[in-house]
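The values are calculated or read from the model by the stated rules, or taken from the named source; none is laboratory data. Here the structure is a predicted model, which is why all the values come from computation and not from measurement. Every residue, glycine as well, gets a Cβ built from its backbone with ideal geometry; the counts of neighbours run over all protein chains shown. Calculation scope for accessible area: heavy atoms of the full protein, side chains included, ligands and nucleic acids excluded. Shrake-Rupley method; radii C 1.70, N 1.55, O 1.52, S 1.80 Å.
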Amino acid sequence: MCGIVGFVGRQPAAPILLEGLRHLEYRGYDSAGIAVYSEEDGLEVIKTSGRLQALIDIVSGGKELTGTMGIGHTRWATHGEPSDANSHPHVSEDGRIAVVHNGIIENYMEIKQLLQSKGVSFSSDTDTEVVAQLLEYYYRGDILQAVVEVLRVIEGSYALGIICAGEGRLIAARKDSPLILGYGEDGNFLASDVTAIIGHTRDVCYMDDGEIAVLDQDGIQVYNAMLEPLQKEHSYVDWEISAAEKGGYEHFMFKEIMEQPEAIRKTAFPRLDSGKVVLENLSLTDEMIRSLHKIHIIACGSSYHVGVVGKYNLERLLRIPVEVSLASEFRYANPILDAQSLVLVISQSGETLDTMAAMREAKRLGGRTLAIVNVVGSSIAKEADDVLYTWAGPEIAVATTKAYSTQLILVDMLGLYLADKRGCIDKKLYKRIVRELLELPAKMERVLETTEDIKYYASRYFNNSSVFFIGRNLDYALSLEGSLKLKEISYIHSESYAAGELKHGTISLIEKGTLVVAIATYTALFEKAMSNVIEVKSRGADVLALTTDSHAGSMENTADAVLTIPETDPIFLPSLAVVPLQLFAYYVALHRGCDIDKPRNLAKSVTVE
Ligand code: F6R
């Protein structure tokens with residue numbers, strides 16, 4: 001995933017840019033580059049494919065570059081292979097203008113051909129270079145005006161950072177790709193991710209689509225597309241930079257798994273007041289809540305899996321139909337919605353394009369949107385009618401963990417809140433669920449204490465080439481996430497299957513040596529789960545079962561290995577039971593020598609170049 005950082009101020013820019021890029025490294029990249037400008041030395045651009053360290057070595061840490069204004073970029077290739085020429089920044093033919101870009105310029109071929117027909121020669125295969133060349137084409141001594149012209153021509157998504165020789169200002173523009181402005185003491189900043197700049201400032205503002213910002217050493221001015229000045233709200237970043245670093249753990253993924261009890265406390269406890277769920281600043285009125293007749297959940301990947309759990313829990317609490325859709329399907333499915341439909345949009349990053357597009361489609365069709373998002377100020381958060389933040393802190397590992405469990409909690413809390421407003425929940429049940437919620441982080445800590453057992457089972461099973469995760473009802477919903485975690489980071493082929501459906505064909509794949517992870521936490525269907533375990537065992541499968549403490553005894557007589565979680569209300573089972581599955585996937589991947597924080601399928605390819 002690409003990263004952008006920019007600085008203009010009263011000190012050399014290069015070391016600041018390199019440090020910023022260092023903090024963006026976790027996002028995955030294949031090349032890196034910077035451009036700095038000073039009156040004495042002009043525009044200097046240094047870029048290279050490969051690790052950031054190679055760039056740092058080329059510029060000796062940046063200390064020889066005197067420019068106090070610059071832009072930097074880490075690139076993950078989409079248009080054109082990873083190479084020095086395709087790395088950012090891209091520079092106009094006359095060498096005056098340098099550009100870094102996240103997103104995709106959809107009409108770049110057209111623009112490129114047009115400019116080539118006018119004699120412009122290109123030096124890369126990227127879509128981004130057309131922005132640099134087009135800026136030169138429109139440049140008449142005022143880079144801001146040229147940017148306005150270019151934005152009228154380009155189509156697609158962009159977060160842009162632009163500098164121009166002879167002008168002491170850095171220009172930023174955004175559409176469908178995040179961009180953050182930072183207000184510092186000795187200069188001002190630009191970044192695609194706040195981790196790149198919080199070492200320097202916590203006073204930030206999130207750019208909105210269609211906005212252009214002009215940064216100089218004394219301040220920042222944001223404009224709309226017509227160049228009318230805007231007053232932007234500042235935000236204060238209150239988490240520590242260490243929260244975005246590994247904190248002593250070998251991998252971000254492990255750190256984030258271990259953070260889950262705390263993350264759940266942060267998500268849930270501030271929203272509990274005298275035993276009642278209070279949801280902040282919802283514009284959804286009591287009348288709207290009472291008139292709801294359907295809930296749609298839209299999301300991608302693990303967030304979609306949260307939706308599958310959410311369907312069971314919300315239908316149980318509200319007794320209205322809940323439909324859960326993959327965002328990439330929903331957006332093209334001509335869904336049936338009306339003003340009494342609540343559309344729950346779930347996204348950790350708040351920047352997933354399919355989810356965003358599905359949300360826009362839902363709005364267009366008249367649905368009322370409520371987003372559950374982790375990243376504050378992200379696009380989905382801003383566009384939804386209402387937003388609830390998970391408050392889980394930055395999630396850096398590509399494989400999501402604490403976002404999944406905190407999203408689940410927030411969906412459950414929303415269910416309680418809506419059920420209460422609709423008067424369809426028994427007071428005793430409400431109280432009991434809230435009590436269970438308060439106990440959940442401590443129970444999760446107990447599950448985390450079983451890490452050594454899970455590590456052992458991972459060492460026993462890491463060589464399997466095919467793994468089935470099976471379960472029924474909530475256990476099936478959870479099996480989707482267990483399976484995704486394993487395949488995503490360990491590259492083992494794995495399927496999640498509704499246990500009762502196996503006999504309709506797929507059971508033929510279960511043979512001697514197949515690993516079956518049987519999830520059997522849902523007491524109401526435990527006997528059914530047991531019979532599935534017996535069935536797959538009779539076919540020679542190795543069975544690793546996951547159940548609750550009270551069923552451990554009977555399961556131990558049947559399965560090859562048993563992991564347990566404490567008892568809780570069914571509503572919270574998946575949030576608790578996901579932990580051993582995350583740890584299992586983590587240790588299997590570790591045994592297989594996989595690059596855990598940056599798996600090769602890069603699931604969060606949300607705002608790629
Ligand atoms: C899996 C994972 C992905 C994301 C998916 C949606 O570990 O991280 O499947 O869940 O890409 O991302 P968000 O939630 O940011 O919309």
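What angle, in degrees between 0 and 90 and rounded to the nearest 10, separates the Cα long axis of helix 402-421 from the longest principal axis of the Cα atoms of the chain? Roughly 70 degrees, rounded to the nearest 10. Carbon and sulfur atoms: what percent of the 1.4 Å accessible area of region 510-595 do they account for? Of the solvent-accessible surface of region 510-595, carbon and sulfur hold 47 percent. Over all other residues within a Cβ to Cβ distance under 13 Å of GLU211, the charged ones net out to -1, with Lys and Arg as +1 and Asp and Glu as -1. Between helix 427-448 and the chain there is an angle of about 70 degrees, using the helix long axis and the longest principal axis of the Cα atoms.
Taking chymotrypsin sites (Phe, Trp or Tyr not before Pro) as exposed when DSSP calls them loop and at most 15 other C-beta atoms lie within 10 angstrom, the chain has its longest site-free stretch at 1-238. Where a ≥ b ≥ c are the square roots of the eigenvalues of the C-alpha gyration tensor, would you call region 496-609 rounded, which needs a/c under 1.5, or, failing that, prolate if a/b is larger than b/c, or oblate? Since a/c reaches 1.5 and a/b is larger than b/c, the shape of region 496-609 is classed as prolate.
Annotation for region 104-120 versus region 245-312: alpha-carbon center distance of 45 Å. Listed by chain and number, the lysines whose alpha-carbon sits under 18 Å from that of LYS363, ignoring those within fewer than 8 places in the same chain, are LYS294, LYS382.
What the Cβ-Cβ distance of VAL153 and TYR456 gives, at R0 = 60 Å and to the nearest 0.05, is a FRET efficiency of 0.50. In this structure, the residue pairs whose Cα-Cα separation is over 26 Å, taken from LYS443/LYS503; LYS255/LYS598; LYS175/LYS487; LYS311/LYS421, are LYS443/LYS503; LYS175/LYS487.
Subtracting the Cα-Cα distance of ARG316 and THR285 from their residue separation scaled by 0.36 nm leaves 9.0 nm. How large, in percent, is the carbon and sulfur part of the accessible surface of region 194-286 at a probe radius of 1.4 Å? For region 194-286, the apolar C and S fraction of the accessible surface comes to 47 percent.
Taken one residue at a time, the phi angles of region 216-229 give Karplus couplings (6.51, -1.76, 1.60, θ = phi - 60°) of 10, 5, 9, x, 10, 10, 9, 10, 8, 4, 8, 6, 8, x Hz. Gly and Pro are set to x. Classification of the chain by its C-alpha gyration tensor yields a prolate form. The axis ratio a/c (a ≥ b ≥ c) is 1.5 or more, and a/b outweighs b/c. Take region 367-432 with all the other protein chains still there, run a 1.4 Å probe, and you get 28 Å² of accessible area per residue.
With an a/c value of 1.5 or above and a/b not larger than b/c for the gyration tensor axes a ≥ b ≥ c computed over the alpha-carbon atoms, region 1-109 is described as oblate.
Taking the charge dipole of region 236-389 about its Cα centre, with +1 at Lys and Arg Cβ atoms and -1 at Asp and Glu Cβ atoms, the residue from PRO270, GLY367, GLN348 reaching farthest to the positive side is GLY367. Between ALA54 and ASP420, full extension at 0.36 nm per residue minus the direct alpha carbon distance yields a gain of 126.0 nm. Remark on VAL387: its backbone amide H falls under 5 Å from those of ALA371, a criterion applied only to residues 5 or more positions apart or on other chains, H modelled at 1.01 Å from N.
Helix content alone sets the calculated 222 nm mean residue ellipticity of the chain: runs of n ≥ 4 DSSP H residues at -39500 (n - 2.57) each, divided across all residues, give -11000 deg cm²/dmol. Computed from backbone phi with θ = phi - 60° and the Karplus coefficients 6.51, -1.76 and 1.60, the 3J(HN,Hα) list for region 233-239 is 6, 8, 10, 10, 7, 9, 9 Hz; x is used for glycine and proline.
What separates the Cα centres of region 535-596 and region 167-190 is a distance of 47 Å.
Overall, the accessible surface of region 1-80 at a probe of 1.4 angstrom is composed of carbon and sulfur to the extent of 50 percent.
Where does helix 573-591 land angle-wise versus the long Cα axis of the chain, in degrees 0 to 90, nearest 10? For helix 573-591, the angle is close to 60 degrees.
Per residue, region 62-165 exposes an accessible area of 38 Å² to a 1.4 Å probe, with every protein chain left in place.
For the pair TYR138 and LEU448, a Förster radius of 45 Å applied to the C-beta separation gives a FRET efficiency near 0.20, rounded to the nearest 0.05.
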